[in-house]
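Chemist: Here it is, the structure in full.
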Amino acid sequence: MFTRRVILRVLGAAVLLLSASPVAAQEVVVTGPPPELRKNLDAFMKAFNSGNADQFETMAAAAFTPEYLKSQTAAARKAAFAKMVKEFGTIKIERVERHGPEAPLEAFVRGTVASGVFWIELDESSRFAGIRTEVVKVPSPATDAHRRH
């Protein structure tokens, strides 16, 4: 002998319980990066946006791990730097994410030439142990004009 009121209460309680459980399972940290990482990211941005390979090399000596420095020659770093500057232009970091302590840092950047992601491997002291980039191609309005919205 269930009445409509009892059925609605049971359904309401079920919806409330089901909607509360996914929220409790997620942990979002929004406190910001450690000071060492902030210092290294700021130095990287300053050196990158200078366009000066010597300034980038000076930053690399301070912010990169010794192993990462030894894995490339100075000439290889200079060529990689020139390639990144050509691909992105000057950059601004829009957001930074990291999906676990062992995961690389994902720095989403907006550049004057192109936007994309800088994947930065870190060691325990927030020094850079590897960098790779991914350019995100944004379709221009002219090439996207034929699509229906």
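The values are calculated or read from the model by the stated rules, or taken from the named source; none is laboratory data. Given the structure is predicted, the values throughout are model-derived calculations rather than measurements. Cβ sites come from the backbone with ideal geometry, for glycine too, and all protein chains shown count toward neighbours. These area figures cover heavy atoms from the full protein model, side chains too; ligands, DNA and RNA do not enter into them. Shrake-Rupley method; radii C 1.70, N 1.55, O 1.52, S 1.80 Å.
Chemist: For region 109-137, give me the residue count where each residue is of a type in the set (D, E, K, R), closer than 21 Å to N49 by Cβ and either without any contact (Cβ under 8 Å) to a residue 40 or more places away in the chain or surrounded by fewer than 16 Cβ atoms within 10 Å (Cβ to Cβ) (or both).
Modeler: 3
Chemist: Still on this model: Could you count how many residues in region 83-133 are more than 24 Å from E67 (Cα to Cα) and of a type in the set (F, W, Y)?
Modeler: Result for region 83-133: 2.
Chemist: Now for a different question. Looking for something in a helix (DSSP H, G or I) and open to solvent by less than 90 Å² (accessible area, probe 1.4 Å) - is there at least one such residue anywhere in region 89-108?
Modeler: For region 89-108, residues in a helix (DSSP H, G or I) and open to solvent by less than 90 Å² (accessible area, probe 1.4 Å): absent.
Chemist: Looking only at region 30-87, count how many residues are open to solvent by less than 20 Å² (accessible area, probe 1.4 Å) and among the β-branched types (V, I, T).
Modeler: Qualifying residue count, region 30-87: 1.
Chemist: Quick check on K78: is it free of Cβ contacts under 8 Å to residues at least 24 places away in the same chain and either out of contact with any strand residue (DSSP E or B) (no Cβ under 7 Å at 6 or more places or on another chain) or not acidic (D, E) (or both)? Let's see the steps before the verdict.
Modeler: Values: free of Cβ contacts under 8 Å to residues at least 24 places away in the same chain: no; either out of contact with any strand residue (DSSP E or B) (no Cβ under 7 Å at 6 or more places or on another chain) or not acidic (D, E) (or both): yes.
Criteria not met by K78.
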